[in-house]
Structures are given as structure tokens and as C-alpha cells.
Amino acid sequence: MSQRIHLNPNAQRQQPMMGMQGGGYTPDPISRPSNSASYGAGGNDDLLGKVQAYTSKVEDMIEAYTQPIRPYVPAMARFLIVVTFLEDALRIMTQWSDQLWYLQKHRHFPWGLSHLFLLINVFAMLAGSFGVIGKKYPDYSVFCLLGVVVAQGLGYGLLFDLSFFLRNLSVIGGLLMVLSDSLQNKKKLFAGLPSISETDRRKYFQLAGRILLIFLFIGFIFQGSWSFARVIVSIVGLGACIMVAVGFKAKWSATFLVVLLSVFNVFINNWWSVHSAHPQRDFLKYDFFQTLSIVGGLLLLVNIGPGGFSVDEKKKVSCF
């Protein structure tokens with residue numbers, strides 16, 4: 001029986017060697033796969049590692065430069081979160097007759113009920129705001145302010161206005177971050193929910209707060225006229241919002257949004273440059289202080305972290 005051999009047509013023909021091999025066939029060496037395929041995966045890993053190393057370096061720089069003001073960040077964040085409620089209470093008191101006229105004329109509130117509505121709102125906003133700032137009964141203070149958001153949306157007929165809706169979702173996100181922060185040192189909040197641990201409640205509030213905080217920027221993306229600068233800012237800001245929502249490099253991305261929203265707030269909502277008799281002044285002032293509240297929520301996120309339901313926290317657990 002003849003021996004099956006492999007012929008390489010590209011190889012040069014040679015005379016069979018005599019002697020020990022006796023004209024036997026030496027097969028071609030098996031070709032090895034090139035490293036180009038494995039290089040692609042390795043290259044991606046190297047790129048991801050470089051990005052992570054760069055973001056970690058940025059986070060370390062932020063930690064180093066913000067160390068002197070870090071003890072004051074929680075108090076400043078709490079004040080900024082409720083500053084829109086303080087401004088709103090002051091505006092109602094200084095424009096009392098105008099507020100009554102609007103509620104009675106356009107919202108058809110009967111006389112007396114409009115007065116009661118405004119009084120309750122002013123009292124709730126002042127009490128809830130000072131409760132959040134002073135850390136006195138923060139859970140009840142937050143629920144009080146949440147009730148004000150819903151009541152004003154219904155009372156003024158703004159609940160289904162897209163801009164109002166998105167902005168107030170972000171304000172609610174900041175309030176949920178306050179509630180999450182208060183759970184850190186509070187032993188028991190909801191006696192009627194014994195099946196959920198305090199830590200789990202805090203995780204859920206942090207998750208909901210993170211997601212709701214980004215709705216202001218989403219509203220900014222889909223409203224207004226477009227320009228090249230607006231497109232660039234929208235793309236970069238949307239990326240930071242997604243990072244905040246999923247909790248990936250959340251402190252870094254939240255810090256970036258704080259800077260971005262602060263600059264945007266000063267140049268776009270500059271109510272101080274509008275004449276006091278101009279009707280647009282009150283709207284700009286309202287947007288300005290609401291944006292400050294959302295900045296406060298992001299600062300609180302920077303201080304307390306994204307929570308258990310986040311990519312950052314999962315990475316910490318996997319490291320151990």
C-alpha cells in the first residue's frame with residue numbers, strides 16, 4: 001500500500017536524501033496563526049486600561065484639589081437643593097396679590113381657598129427647607145417638599161408642561177439624594193416595611209435620585225435652537241448623564257455636570273440682566289434657582305457616592 005503524502009506545490013523540488021532517511025518524506029511544518037487576531041482583543045484591553053487609568057488620575061486630582069472644601073460640601077449641597085423652595089416662598093410673599101389674582105382668575109380658585117393654598121405652600125417650603133438644611137427630621141422635610149412640588153404642579157396647571165415636568169423630576173432626584181444621605185445615620189425610617197433593610201432603602205433612593213437628576217439636561221438637549229456648540233455640549237453632557245445614571249465613574253461625571261450646569265446657568269438664566277418690569281425676569285429667576293437645586297443634588301452625589309446599585313460599587317466588590 002502506498003504511503004499518503006502531502007505535497008507543497010510552492011516548495012522547490014529536491015532530490016531525496018540517501019542514507020538514514022532513505023528517501024522518506026518530511027512533511028511541511030504546520031503554519032501557526034498570526035498574532036494579528038489576538039492583537040485586536042489585546043489592543044482593546046489596552047485602550048480600556050488607558051481610559052480607566054486616565055479617569056482614575058482625574059479622580060485623584062479632583063480629590064486632591066477639593067480636599068480643603070470637602071467638609072463644607074454636604075451643607076452647601078443641602079442649601080442649594082432647597083434654594084429654589086426658599087426663593088419660591090419669598091416670591092409668593094412679595095407678590096401676594098399677583099399670586100391671588102392668578103389663582104382666582106386663571107385657575108378658578110374660590111376666594112379663601114387661594115389664600116389657604118398659598119399659605120400652606122409658603123409654610124411647607126420654609127419648614128421643609130430649614131429642616132433639610134439643619135438635618136432636623138430630614139425624612140419628613142423631604143416628603144413635605146415633595147408634596148409642594150406636586151401641589152404646585154396641580155395648582156398652577158403646570159404638571160403636564162414638559163419643561164416644568166423634567167425640571168421638577170431633577171429637583172425630586174436631589175430630594176431623594178437628601179433622603180438617602182439621611183438614611184446613613186438613621187436607624188429606622190419606615191416601620192411599616194420591615195422586610196427592606198435600611199441599607200437597601202438607601203440604595204434604592206440613591207439609584208432613583210441618580211436617574212432623576214439627569215432629566216434637566218435631557219430637557220436642555222431637546223429644547224431651544226441648535227448650533228455647533230450646542231451639539232458638542234449636548235453629546236458630551238449626555239455621555240456624562242449616562243455615566244451618572246448607570247453609576248460608572250459617577251463622581252467624576254457628576255463633577256463635570258456641576259461645572260457644565262453652573263456655566264450654563266450663569267450665561268443662559270441671567271435674570272439679573274433683565275429689567276425688573278419684564279415678565280421674562282421671573283421665569284429666568286425660577287429656572288436659575290431650580291438649576292442651582294439640581295447642582296446641589298449632583299454635589300451630594302459627589303459627596304456620598306452612587307450607591308450599591310452602580311457599576312462603580314460592583315467593581316469595588318469584584319476587586320475583593
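The values are calculated or read from the model by the stated rules, or taken from the named source; none is laboratory data. Because the structure is a prediction, the values reported are computed rather than measured. Protein only, heavy atoms only, side chains kept; ligands, DNA and RNA dropped before computing areas. Shrake-Rupley method; radii C 1.70, N 1.55, O 1.52, S 1.80 Å.
From the phi angles alone, apply the Karplus equation (6.51, -1.76, 1.60; θ = phi - 60°) to segment 288-294 and give each ³J(HN,Hα) in whole Hz, x where the residue is Gly or Pro.
Taking θ as phi minus 60°, the curve returns 4, 6, 5, 5, 4, 4, 5 Hz for segment 288-294.
For segment 244-252, take each phi angle, set θ = phi - 60°, evaluate the Karplus expression 6.51 cos²θ - 1.76 cosθ + 1.60, and give the result in whole Hz per residue in order, putting x for glycine and proline.
Result, ordered by residue: 5, 5, 8, x, 9, 6, 5, 5, 5 Hz.
Tell me, what is the 1.4 Å probe accessible area of VAL233, in Å² to the nearest 10?
For VAL233, the solvent-accessible surface is approximately 50 Å².
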